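Structure record follows, encoded as structure tokens.
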Amino acid sequence: MTSILDDIPLRDVGDLEAEWFRAPHPKPEDVEEPPPAVSSEQLAAADQAAASRSATAPPASPVSSCAKKLQAIVITIAGEDGRPIEHVAFELRKSATEMSGTKSGADGTGQFAGIESGSYELALPALDQDAWEILSSEATVPEQSASPAAWSAPAAAAAAAETTHTIAEGESIAALALRYGFAPETIWDDAANAALKEKRKDPNILAAGDSVTIPALRVVARPVNAGASVRIRRKGLPQVFRVRFLAPDGTPRKELPYLIDLEDESGKEQRSGTTSGEGFVIEKLSPLVRTVTITLGPTGEVHRFRAELDPLDTDSGLQDRLRNLGYSCGEEDGAIGPATAEAIRAFQRDAGLAGNGTADTPTREELKKRHLS
């Protein structure tokens, strides 16, 4: 069987390639001719001209940094005891449409870097205007090479409005002030809380179910300057815990060493000290502390207290005070049973009252006097 391909002579691929290179190919019009070769004489002349220019040229100027010298503002916030406060929000306002935000770290410090010299406004958006104050502002922060700060439009502020809070067991006005961003007296002295103030007398002795009005937050911006180190005090924090230790004859147990353990939901903190000349242990503590344990004197006697008491006119408040004064109510809490009645009778005998075992008005008044609350 034959094929049309049988009549076509076959050639090697190599022959085809050689034939293509031997054949003439017209040059495309848009291809430029290569530059002529450079002679050794031309290269020598070019080297001599470059050396001559280098000898007469002025020295090159030093390379300068492209980072611009800018300033910073350093903000530090602490409580009235000087302890730093973490996670406080700061806002630096350049204009009505430009702001920058940061928060305080574990050392209570936040910084705004890369800002130009001039005046700004500082706001603490989660704190009421009466809950903080600027203690000092000193021009101590040096200029720095930094990128310019990034500014953004402020978030739309929510309409300020008062709210109502129902007290849970162990809560106080100081705890609410910490939670809602107020100074304690701002809440306690609000006209809407006048009836509660008259009923309870003490902002740290509230009953579960009490209703407290939380006023509208008033945010304020205060002037600060670039390059300043600004110290801020958070007002109303911490609160003061005070307990007095007396001997059986009524004399103060003075100058006794003690260890105090403060416990809240985040853990424990231990401190040490010495009772005062009047037998007092006085410590500043967070409103979130619920339990205080004091190990007193060389014998290591242990006293445990609730940081926040229920009102004296409640059974639990009565029991708390009896326990704090050394009269055991057993496991009874919130309801008066045989153990509490026996504790009342023991207190009445020591106080020179009729030992009837009932919490009558004279007994509660004497208990308040001796307990100091």
Along its principal axes, what span do the Cα atoms of the stretch 121-274 show, with the longest given first and each in whole Å? 69, 40, 26
With a Förster distance of 45 angstrom and the Cβ-Cβ distance between Glu278 and Ala158, calculated FRET efficiency to the nearest 0.05 equals 0.40
The answer for Gly273, listing residues at least 5 apart or on another chain whose modeled amide H is closer than 5 Å to its amide H, is Tyr258
Separation between Cα centres of the stretch 169-212 and the stretch 233-252, rounded to whole Å: 21 Å
Please list 3J(HN,Hα) in residue order for the stretch 218-234, calculated via the Karplus relation 6.51 cos²θ - 1.76 cosθ + 1.60 where θ = phi - 60°; whole Hz, with x for glycine and proline. 10, 8, 10, 10, 10, x, 9, 10, 4, x, 9, 9, 10, 9, 10, 10, 7
Using 0.36 nm per residue of separation minus the Cα-Cα distance, give me the extension gain between Glu198 and Ser95 in nm, one decimal. 32.6 nm
Karplus couplings for the stretch 70-84 from phi (6.51 cos²θ - 1.76 cosθ + 1.60, θ = phi - 60°), rounded to Hz, Gly and Pro as x? 10, 10, 9, 10, 10, 10, 10, 10, 9, x, 6, 8, x, 7, x
Long-range amide H partners of Phe241 with built H, under 5 Å: Glu283, Lys284, Leu285
Say the cut-off is 29 Å between C-alpha atoms; which of Lys103/Lys199; Lys268/Lys369; Lys103/Lys268; Lys199/Lys235; Lys199/Lys284 go over it? Lys103/Lys199; Lys268/Lys369
Net charge dipole size for the stretch 215-373 [Lys, Arg +1 and Asp, Glu -1 on Cβ; Debye, nearest 20]: 1100 debye
Just need the Rg to Rh number for the stretch 226-373, please, alpha carbons only, Kirkwood Rh. 1.06
I need the phi-derived Karplus couplings for the stretch 346-356: 6.51 cos²θ - 1.76 cosθ + 1.60, θ = phi - 60°, integer Hz, Gly and Pro marked x. 5, 5, 4, 4, 5, 8, x, 9, 5, x, 9
Between the residues Ala228, Leu262, Gly337, the Cα farthest towards the positive end of the dipole of the stretch 217-358, that dipole coming from +1 and -1 charges on the beta-carbon of Lys, Arg, Asp and Glu, is from Ala228
Electrostatic dipole magnitude of the stretch 117-232 [Cβ: Lys, Arg +1; Asp, Glu -1; Cα centre; debye, to 20]: 80 debye
Under a crude label model (7 Å from the Cα following the beta-carbon direction), how far is His165 from Asn356 in nanometres? 4.0 nm
Per residue, how much accessible surface does the stretch 193-349 expose to a 1.4 Å probe? Answer in Å², no decimals. 49 Å²
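The values are calculated or read from the model by the stated rules, or taken from the named source; none is laboratory data. Since the model is a prediction, treat every value here as computed from it, not as a measurement. Cβ sites come from the backbone with ideal geometry, for glycine too, and all protein chains shown count toward neighbours. In case anyone asks, the SASA skips ligands and DNA or RNA and just uses the protein heavy atoms, side chains included. Shrake-Rupley method; radii C 1.70, N 1.55, O 1.52, S 1.80 Å.
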